[in-house]
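J.: I'd like to ask you about the structure that follows.
What follows is calculated from the coordinates using simple rules that are stated; it is not laboratory data. What you see is a predicted model, and the numbers here were worked out from it, not measured in a lab.
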Amino acid sequence: MTEILSEDWRWIKQHPKTVAFIVSIVTVFGLLLANGVMETAAVYQRMAGSLRIPR
C-alpha cells in the first residue's frame, strides 16, 4: 500500500498544474452543487409558506 501512495505522491509532485486544475474543477462543481441545493431549499420554503391549509 505504501508503494501505491508513494507513486501517487510522486505523480502529484511531478504534475502540480494538473493537480491544481483538477482541484479547482472539483471545487467549482462543489460550490455550484451547494448553491443549487440552497436555492432549491429556498424555493420549497417559499412554496410551503404560501400554502394555505383549510381548517
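J.: Figure the gain on full extension for Ala34 and Leu5 (residue separation times 0.36 nm, minus the Cα-Cα span) and round it to one decimal in nm. Mind dumping the intermediate values first?
T.: On the way: separation 29, 0.36 × 29 = 10.44 nm, distance 3.06 nm.
Going from the current span to full extension adds 7.4 nm.
J.: What angle do you read, to the nearest 10 degrees and between 0 and 90, between the alpha-carbon axis of helix 2-14 and the longest principal axis of the chain?
T.: It works out to around 90 degrees.
J.: Would you indicate which of (1) 1.20; (2) 2.17; (3) 1.03 is the value of Cα Rg over 2.2 N^0.38 Å derived from the coordinates of this structure?
T.: Given (1) 1.20; (2) 2.17; (3) 1.03, the calculated one carries the label (2).
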